[in-house]
Amino acid sequence: MKNDIKKITYNNTITITEDKAEQRIDNFLIKNYKKIPKSALYKIIRTGKLKINKKKVKPQYKLKIGDYIYIPIKKSEDIKNTSQKINIKIIQNISNNILYEDKYLLVINKECGIAVHGGSGINLGIIETIRILKPKNHFLELVHRLDRGTSGVLILAKKRSILRHLNQQLRKKKIKKNYLALVHGIWPIEKKKISAPILKINKINSKNIVEINKKGKQSETYFSIQHQYRDHTLIKAAPITGRTHQIRIHTAYIGHPIVLDKKYGKKELDYKIKRTHIKNRLLLHANDITFIHPYYKKQMTIVAPLENNFKKYLNII
């Protein structure tokens with residue numbers, strides 16, 4: 001197992017998804033490799049040791065969706081620590097929640113609370129765990145992302161050509177995603193679309209946060225009511241764009257935040273629900289995704305069943 005981890009870490013490659021696009025490569029490195037001196041990061045860019053799509057770039061290069069970055073940084077100490085911190089429960093959970101798999105794709109139902117990437121305070125994320133589960137797959141990359149607190153359908157590509165094809169579908173907005181969210185209050189029947197610019201602002205306590213701001217990037221989400229409760233509404237959200245925390249900020253923007261959303265929610269509304277004995281979690285779930293299979297050329301729709309904890313909330317409200 002240690003050898004598998006070493007291969008993964010030494011072959012340090014990253015594929016850029018929509019939430020990482022449009023930022024400079026130097027800022028991207030500084031943000032994601034905080035323990036490495038800035039001078040060292042700029043040196044690997046300047047000397048051409050860092051490559052994007054197999055080409056040398058300048059520090060001001062702006063990342064694009066689908067860019068494939070090779071970063072020649074070895075973290076031997078991190079390897080030793082990680083090999084001792086593998087969470088067997090997470091491995092079993094991922095293994096039991098595979099929704100679809102073939103030679104080209106792997107689709108899982110991600111559990112709430114598991115990050116897609118390992119990071120500060122997180123031993124292993126989805127991608128690192130799956131690479132350990134499937135060591136024979138020399139290429140495994142996320143096609144898109146889900147927030148740590150969001151559960152649901154997540155696609156990984158097993159070949160670079162498949163990843164490129166799916167990234168192209170994302171750019172052309174041919175991949176359709178539907179989310180389920182439980183929000184506070186009675187959702188207005190007439191509110192079927194929210195279109196508002198979203199801006200990333202300075203990190204608060206090292207966590208990303210966004211706001212509706214005219215200086216931000218345009219974002220659009222379609223909504224429909226699935227079930228009306230006394231004080232809550234189960235809605236379906238179909239994001240057209242893929243901005244950070246888009247559904248969460250859009251629902252909060254019109255006064256109907258997602259239940260138990262610690263960043264954009266309302267504590268006074270969450271209080272009564274938190275007093276239950278059910279696991280505290282953000283009630284947002286990536287329910288289904290529709291795309292064209294890059295190899296078989298057929299349309300596929302994959303549905304991720306709701307977690308039991310989400311269902312329990314629906315039974316008590």
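Couple of notes before you dig in:
- Counting DSSP beta bridges with both ends in the range 85-317, the antiparallel % (nearest 5): 95 percent
- Working from label points 7 Å from Cα in the Cα-to-Cβ sense, the His227 to Val303 distance is 1.4 nm.
- Here each label is just a point 7 Å from Cα along the line to Cβ, and for Glu220 and Leu314 those points are 2.9 nm apart.
- Mean silhouette area of the range 85-317, derived from the convex hull of its C-alpha atoms and averaged over all directions, reads 13.5 nm².
- A simple count of charges around His232, restricted to other residues whose Cβ falls under 12 Å of its Cβ and scoring Lys, Arg +1 and Asp, Glu -1, yields 0.
- More than 26 Å apart - percent of Cα-Cα pairs taken over the range 84-200: 30 percent
- For the range 227-278, the relative contact order is 17 percent, taking Cα pairs closer than 8 Å that sit 6 or more residues apart in sequence and dividing their mean separation by the residue count.
Every number in this text was worked out from the coordinates using simple rules, so none of it is lab data. Quantities reported herein were computed from a predicted structural model and do not represent experimental measurements. Note that we place each Cβ from the backbone using ideal geometry, even for glycine, and neighbour counts take in every protein chain shown.
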